Each structure stands twice: as structure tokens, then as C-alpha cells.
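Written out below as C-alpha cells is the structure these notes cover.
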Amino acid sequence: MNAPQRLVRSYVRRERPFKESQKADWGRLWAVYGVEPEGWVQAAAAQPAILDIGFGDAEALLAMAAADPSRRYVGVEMYRTGLLKAMRGAEREGLSNLRVIEADAKDVLAVLPAGSLAGAHVFFPDPWPKTRHHKRRLVNAAFVGALVRVLRPGGIIHMATDWEDYAVEAADLFGAFALLEPLAQDRKGRPETRFERRGWRLGHESFDLRYRRREG
Ligand SMILES: C[S@@+](CC[C@H](N)C(=O)[O-])C[C@H]1O[C@@H](n2cnc3c(N)ncnc32)[C@H](O)[C@@H]1O
């Protein structure tokens, strides 16, 4: 097998520095729950996981991993407070099937072997509502192409958004792939998240898009 590619961090995110207690927990918990993508990609194909992309405060990631202990859940986030919440939650709930990666999801998808994921969740990605910012949206043609490549046959992509125009745009992008079979557009086991509740307070509706990767 080729040596794993090193990921170059291509973003800077401003966050408040950690307090001492957060630093201590990070150090202790990262050793248990943190994975370096360069190492994980080697093992990913042997043990296909469900990747939660941009899990934020980890509510859905923790609930889904707890409800489905026989499967491995890996969350990828760039937001350290969220990463720490996921790890603290995993320890509190005694979850042994959850790991986190600190990275840009696009970089992780780029180095994962083809057919190495059992599923991918993209719940409430940043909506970038202004038209001139739509190009910053995570779910674009390149991202969907990368997801299709890394998903194994039978694997499910589940996206949710409370921005109708984003849902329509994403449905067009997913619909362009003959390898994706559309499934019922329902929440199917997806727990509520903070961002979803915020959308409801603004009067938004949630839209779920689900697809199964066909053979081929
Ligand atoms: C609007 S929040 C939604 C969080 C969570 N999924 C939820 O439903 O509450 C979007 C999250 O995606 C993360 N994010 C944005 N772009 C990302 C990327 N390229 N790779 C990994 N995470 C990303 C952000 O840091 C943020 O926490």
C-alpha cells in the first residue's frame, strides 16, 4: 500500500482559546477518540464507517453512534469546541464506536480509498444564504463526486438543510449521478440538532435528501 498522503490544513478558524480544563480534556480524550486522517484512511476500507461531515455540537453524531453500537461512526469537523464536545460525549456515554478527525472534510474525502465508507451524513451544512456566497457552500458538484467515489455500494448519503434553495440545488447535484438511487426524502433516524431547532425558530422547514450508492 502507498504511504498515506499528508493533509495540508487549508483553513484557519477563529475560536476562543481553550481554558485549562478544556486543554486537559482534549489531551486525554484525543488519545482515545481522535484519529489522524492519514492513519485512518489505511484502515477505513477494512472497517467501513459512517462519516458525519461538519457535526457541529455532535448531537446527531453522539445519538446515532449510541443507537447503533455495531457500526463505526467517524466525525470530521474543523471546530475544536465541537470536536471536544463529541469526545466528552463519547466518554460520558461510554461509546467505543465513535472517533473524530480534525480536518476539512474535503481533504479527508480526497484521500479516502474508493468504496471505503458505509455512509455519509451532511446535516445542516453552513447555508451561505446570500447568492454571492453560494460558491462557498460545501455541497457542490466536486463534493458530491467525491462522496460518490468513497461510498461503497449500498452506502447511504443523508443530507439535511433548512434552506429550500440549498435542498433544490443539492437534489440537482445528487440527481446527476446515475450511481445514486434516490430514497424516501425523510429524516429516517436523524436526531434533531441545534441548527435544525434554530431553523424552526426562524420558521424554516427541514429538508432531508437520501440516496443509496448503486453497484458499479
Ligand atoms: C451549521 S453547522 C451544522 C452542525 C451540525 N451538523 C448540526 O446539524 O447541528 C455546520 C458545521 O460544519 C462545519 N464545517 C463547515 N465546513 C466544513 C468542512 N469543510 N469540513 C468539516 N467541517 C466543516 C462547521 O465548522 C460547522 O460546525
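The values are calculated or read from the model by the stated rules, or taken from the named source; none is laboratory data. Values in this document were obtained by computation on a predicted structure and should not be read as measured data. Heads up, the Cβs are rebuilt from the backbone with ideal geometry, glycines too, and the neighbour counts pull from every protein chain shown.
Which one of Arg132, Arg201, Arg194, Arg136 is at pLDDT below 95, over 25 Å from Pro113 (Cβ atoms) and either surrounded by fewer than 15 Cβ atoms within 10 Å (Cβ to Cβ) or not charged (D, E, K, R) (or both)?
Arg194 is the lone residue from the list that is at pLDDT below 95, over 25 Å from Pro113 (Cβ atoms) and either surrounded by fewer than 15 Cβ atoms within 10 Å (Cβ to Cβ) or not charged (D, E, K, R) (or both).
So Gly75 ticks every box in (1) part of a helix (DSSP H, G or I); (2) crowded, with 22+ Cβ neighbours inside 10 Å but one. Which box is left unticked?
Failed condition: (1).
Quick one: in segment 78-113, of everything that is among the charged types (D, E, K, R) and part of a helix (DSSP H, G or I), which residue is farthest from the ligand (Cβ to nearest atom)?
If we take residues in segment 78-113 being among the charged types (D, E, K, R) and part of a helix (DSSP H, G or I), then Glu91 is farthest from the ligand (Cβ to nearest atom).
Each row is one residue, and each column tells you yes or no for (1) more than 12 Å from the ligand (Cβ to nearest atom); (2) aliphatic (A, V, I, L, M); (3) farther than 25 Å from Leu62 by Cβ; (4) not in a strand (DSSP E or B).
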position	(1), (2), (3), (4)
Ala118	yes, yes, no, no
Val122	no, yes, no, no
Pro127	no, no, no, yes
Arg132	yes, no, yes, yes
Leu138	no, yes, no, yes
Gly145	yes, no, yes, yes
Arg149	yes, no, yes, yes
Arg152	yes, no, no, no
Ile157	yes, yes, no, no
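Give the residue, chosen from Ala114, Ala86, Ala44, that is crowded, with 22+ Cβ neighbours inside 10 Å, more than 12 Å from the chain's Cα centre (by Cα), among the small types (Gly, Ala, Ser) and more than 21 Å from Arg194 (Cα to Cα).
Ala44
Can you run down the residue pairs with Cβ atoms below 9 Å, 6 or more apart or on separate chains, where the first is in segment 183-200 and free of Cβ contacts under 8 Å to residues at least 60 places away in the same chain and the partner is in a loop (DSSP other than H, G, I, E, B) and within 14 Å of the ligand (Cβ to nearest atom)?
Between residues of segment 183-200 that are free of Cβ contacts under 8 Å to residues at least 60 places away in the same chain and residues that are in a loop (DSSP other than H, G, I, E, B) and within 14 Å of the ligand (Cβ to nearest atom), the close pairs are Arg187/Ser206; Arg198/Phe124; Arg198/Asp162; Arg198/His204; Trp200/Asp162; Trp200/Glu192; Trp200/Ser206.
Filter segment 176-216 for residues that are of a type in the set (A, V, I, L, M), in a loop (DSSP other than H, G, I, E, B) and more than 20 Å from Asp165 (Cβ to Cβ) and give the result.
Ala178, Leu179, Leu183, Ala184
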